[in-house]
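**Student:** Okay, here's the structure, questions in a sec.
The values are calculated or read from the model by the stated rules, or taken from the named source; none is laboratory data. Computed from a predicted model, the values in this text were never measured in an experiment. With ideal geometry, Cβ positions are generated from the backbone for all residues, glycine too; neighbour counts draw on all protein chains shown. Calculation scope for accessible area: heavy atoms of the full protein, side chains included, ligands and nucleic acids excluded. Shrake-Rupley method; radii C 1.70, N 1.55, O 1.52, S 1.80 Å.
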Amino acid sequence: MTENKIKSGKHKTGSGVNIISVYTDKFKTTSINLFIHNQLDRTTVTQNALLPMVLRRGSKDYPTMQEISRKLESLYGSTFNCGVVKKGERQILHFYIDGVNDRFLESGDNVFDSCALMLNSIVSNPLINDGRFREEYVMQEKQNLGKMIRSRINDKTQYAVERCYELMCKDERYGLHEWGCIDDLDGISPAALAGRYSDAVSNSKIDVVIVGNIDDSWISRLENLLDIKTTNNNNIAPEDTVKDVREVNAFVEEMDVTQGKLSMGFRTNVAADDPDYYASLVYSSILGGGAHSKLHQNVREKASLAYYAFARLEKIKGLMMVGSGIEAANYEKTREIILRQVEELKEGNISDFEFDSSKKVLENSIRAITDEPLQMVDFFLVQSIMDKNYDFQTIINRIKDVKREDIVRVAHKIKLDTVYFLKPKNRS
């Protein structure tokens, strides 16, 4: 299937909820996704992270996980889950249910409506009595969230990236992790958590993204089935993507690891709605977007310094992370070669192979989004955050239009902000 067979639409319900419909005949399931937007904030981040964990334990209609599982099984093995995602300086509660599309059922069963009603039950009719969540569920999920937060350190590659961002953005909302802070858990009561949820639902922007072989009548049905009302008054401040970096900060942390993890955080000074954004995409791909990139060829292949080397954009906040796995003794040399590649881009030293391959890799990655419903959901969620309505082909065309001089212009905007090195402990 090609992307021109995908059609999207937007509809705002009378209760303030935005429904984003994505029509595609590629999948035999229908995915309904509900997002509650919150601004990352130290006072609420841990409560927000805990909320989906408690809510998935049960609602008034399905008060236990066993009853939720039985209901899902009766809906031809539909799946449900929820959690939090971080998009720029937003912490977003995500609830989704995925069920077989009614068009493929000979029985005539209406799975779509049943799935929508079940999702509505969990979100709109939570297990709150006398102004408080069930204490047993809250206590157990506080323990589980604590384990999740402590387990972040187990994935050293991801930890090094997240730690660099935390240090780089320590005075900004983006420096908060979406799972919150372990020190806040003890102070969260069932009543306080219920109050936080009521406020989040009543005052936040709420998006519902539905992906599947549907038509407009399904959207009308969905609106009637969702009993969710919001004033949408929780105005989230726009991202601060421009920052004058006066000094590069460097941090070293020692742990019991066998391989060092070098993370270098850059400010792109390019917002996602900036005309230069697509040039920054190509820039990032040339620098570290795959086997064709300067980092792979020069740090990993030629110098044999790194087990891996990548560059990755955070589009909404306007950041770029360069990461590599290295021997501790190679720290200075690796950093020097990485920065040399950054200078090469400023000087416009881009081969035809790097330029053409980077665009092709980006084009393929965008087309691949259409292969997975949740990737498509994420794509249209970001479109909603940015208040844009681009289709896949428009983005591909804008990437194809990027010229070498555009990349050089972007290269001069990008500034190194923070260097973080996770190194093995000195055992001597």
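**Student:** Would you mind checking which residues have amide H under 5 Å from LEU319's amide H? H placed 1.01 Å from N; only 5 or more apart, or other chain.
**Tutor:** Under 5 Å from the amide H of LEU319: THR268, GLU314.
**Student:** Could you give the size of the charge dipole of the range 152-248 about its Cα centre, using +1 on the Cβ of each K and R and -1 on the Cβ of each D and E, expressed in debye and rounded to the nearest 20?
**Tutor:** Value, rounded to 20: 80 debye.
**Student:** Compare PHE392, PHE112, PHE353 in a GNM of the chain, Cα atoms joined below 10 Å, and give the one with the largest fluctuation.
**Tutor:** Most flexible of the set in this elastic network: PHE353.
**Student:** Just to be sure I understand: with springs between alpha-carbon atoms less than 10 Å apart, which residue in LYS317, LYS87, LYS400 has the highest mean-square fluctuation in the Gaussian network model of the chain?
**Tutor:** Of LYS317, LYS87, LYS400, the most mobile in the Gaussian network model is LYS400.
**Student:** Can you pick out the pairs among LYS7/LYS388; LYS243/LYS403; LYS229/LYS388 whose Cα atoms lie more than 18 Å from each other?
**Tutor:** LYS243/LYS403; LYS229/LYS388
**Student:** Determine the dipole magnitude for the range 1-157: charges of +1 sit on the beta-carbon of Lys and Arg, -1 on that of Asp and Glu, nothing else is charged, the reference point is the Cα centre, and the result goes in debye to the nearest 20.
**Tutor:** Value, rounded to 20: 680 debye.
**Student:** Report the relative contact order of the range 270-428, percent, no decimals, based on alpha-carbon pairs under 8 angstrom and at least 6 residues apart.
**Tutor:** For the range 270-428, the relative contact order is 29 percent.
**Student:** Can you give the accessible area per residue of the chain, in Å², using a 1.4 Å probe?
**Tutor:** 44
**Student:** Here's another thing I want to ask about it. Which residue, ALA191, PHE251, ASN213, has the largest displacement toward the positive end of the dipole of the range 164-261 when charges sit on each Cβ (Lys, Arg +1; Asp, Glu -1)?
**Tutor:** Result: ASN213.
**Student:** With the full set of protein chains in place, find how many percent of the accessible area of the range 65-110 is carbon and sulfur; take the probe as 1.4 Å.
**Tutor:** Solvent-exposed carbon and sulfur of the range 65-110 make up 45 percent of the total.
**Student:** Right, here's the next one. With r as the distance between the Cβ atoms of ASP401 and GLU343 and R0 = 22 Å, compute the FRET efficiency 1/(1 + (r/R0)^6) and round to 0.05.
**Tutor:** Given R0 = 22 Å and the Cβ-Cβ separation, E is 0.30.
**Student:** For Cα pairs less than 8 Å apart in space and 6+ apart in sequence, what is the mean separation divided by the residue count of the range 144-290, i.e. the relative contact order in percent?
**Tutor:** Rounded, it is 24 percent for the range 144-290.
**Student:** Using 0.36 nm times the number of residues separating LYS60 and GLU327, minus their current alpha carbon distance, what extension gain do you get?
**Tutor:** Between LYS60 and GLU327, full extension yields 90.7 nm more.
**Student:** Of ASN389, ASN269, PHE310, which is farthest along the charge dipole of the chain in the positive direction, counting Lys and Arg as +1 and Asp and Glu as -1 at C-beta?
**Tutor:** Farthest towards the positive pole: PHE310.
**Student:** Of LEU105, GLY175, PHE353, whose Cα points farthest to the positive end of the dipole of the chain (charges on the beta-carbon: +1 Lys, Arg; -1 Asp, Glu; origin at the Cα centre)?
**Tutor:** PHE353
**Student:** For the range 1-111, restrict the atom set to alpha-carbon positions and state the Rg and Dmax in Å.
**Tutor:** 16.6, 51
**Student:** Right, something else. Can you give the charge dipole size of the chain about its Cα centre, rounded to the nearest 20 debye, using +1 on the beta carbon of Lys and Arg and -1 on the beta carbon of Asp and Glu?
**Tutor:** Approximately 620 debye in magnitude.
**Student:** If you don't mind, there's one more thing I want to ask. Relative contact order (percent) for the chain, with alpha-carbon contacts under 8 angstrom and 6 or more residues of separation?
**Tutor:** Relative contact order of the chain: 21 percent.
**Student:** Quickly work out the THR258-to-ASN235 label distance, labels modelled 7 Å from Cα along the C-beta direction, and quote it in nm with one decimal.
**Tutor:** A separation of 5.5 nm, rounded to one decimal place.
**Student:** Could you work out [θ]222 nm for the chain from helices alone, using -39500 (n - 2.57) per DSSP H run of at least four and dividing by all its residues? Round to the nearest 500 deg cm²/dmol.
**Tutor:** -12000 deg cm²/dmol
**Student:** May I pose another question? Can you give the Rg and Dmax of the range 159-287 based on its C-alpha atoms, in angstrom?
**Tutor:** Radius of gyration, then largest Cα-Cα span, for the range 159-287: 21.0, 58 Å.
**Student:** Mind checking the angle between helix 45-55 and the chain's longest principal axis? C-alpha axes, 0 to 90 degrees, to the nearest 10.
**Tutor:** 40
**Student:** Of the candidates THR157, THR241, THR394, which one comes out as most mobile in a Gaussian network treatment of the chain with C-alpha springs shorter than 10 Å?
**Tutor:** THR394
**Student:** If you don't mind, there's one more thing I want to ask. As a test of the definition: which semi-axes, in Å, follow for the chain when you take the square root of five times each eigenvalue of its alpha carbon gyration tensor? Largest first, please.
**Tutor:** Each semi-axis is √(5λ); the values are 39, 28, 19 Å.
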